[in-house]
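The values are calculated or read from the model by the stated rules, or taken from the named source; none is laboratory data. From a predicted model like this one, the values you see are computed outputs, not experimental measurements. Heads up, the Cβs are rebuilt from the backbone with ideal geometry, glycines too, and the neighbour counts pull from every protein chain shown. Just the protein is used for accessible areas: all its heavy atoms, side chains included, with ligands, DNA and RNA removed. Shrake-Rupley method; radii C 1.70, N 1.55, O 1.52, S 1.80 Å.
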Amino acid sequence: MKHDGEIMEILAAYDLTGSLRATAELTGCSHHTVARHVAARDAGRPIAEPAPRPRVTDAYLPKIEEWIEASKGRIRADKAHEKLLALGYAGSERSTRRAIAQVKAAWRLGHTRVHRPWITEPGMWLQYDFGDGPRVGGVKTILFVAWLAFSRFRIVIPLRDRTAPSVFAALDR
């Protein structure tokens, strides 16, 4: 495959000479290569890419897409091939596998789970948790840790237990 610079050189030489064979001699490639690149440029196609060819599965793509949508992307290629054969499909199982893989990949792009972070409103959410605290006078303490979700402002208050009155007293404080 030729690089973009070489392809531009071929096209510039063709524009200069106007002849496929003269361009081929100047650039050191076949006149068939020159013809292919000139035809691609004139047709408005990308020059370095091969021209798309029709596939045996093209006529059945709407049905394949329907099956994949109905099965939520779970239909197997061998089962799809059996169904296609019943519809008059004459292609191979390998062609079916390729088509199924491409349609499934496109289907998954539209059905992926997207992680959206939780954005809190200022002053609306407070979170709290407990941690093990030091022993004070031989009694184990519990650390009450609370923070505002928006600002990440934290407070730490030692408690004797995790009962509701203790938690409410800590929240009030």
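Structural remarks
- Rg(Cα)/(2.2 N^0.38 Å) for the chain, N = residue count: 2.20
- From helices alone, the chain scores -14500 deg cm²/dmol at 222 nm; the rule is -39500 (n - 2.57) for each run of n ≥ 4 DSSP H residues, then divide by the residue total.
- In range of the label at Y128: residues from region 146-173 whose backbone nitrogen is under 13 Å from the point 7 Å along Cα→Cβ: 146-148, 155-173
- Label-to-label distance for H111 and F150 is 3.9 nm, based on points extended 7 Å past Cα in the beta-carbon direction.
- Rg of the Cα atoms in region 1-42, relative to 2.2 N^0.38 Å, amounts to 0.96.
- Amide hydrogen neighbours beyond the local backbone of L143, cut-off 5 Å, H modeled: G131, D132, G133, L159
- Within region 44-173: Cβ-based charge dipole about Cα centre, in debye rounded to nearest 20 (Lys, Arg +1; Asp, Glu -1): 340
- Using a probe of 1.4 angstrom and keeping all protein chains present, the accessible surface of the chain works out to 74 square angstrom per residue.
- Residues with amide H under 5 Å from that of F150, placed H, sequence gap 5 or more: G123, W125
- The chain: DSSP helices with Cα axial extent of at least 24 Å and average Kyte-Doolittle hydropathy no lower than -1.0: 93-110
- The chain, accessible surface, carbon-and-sulfur percent (1.4 angstrom probe): 55
- Selected from A80, I157, W67, residue furthest toward positive end of dipole (the chain; charges at beta carbon): I157
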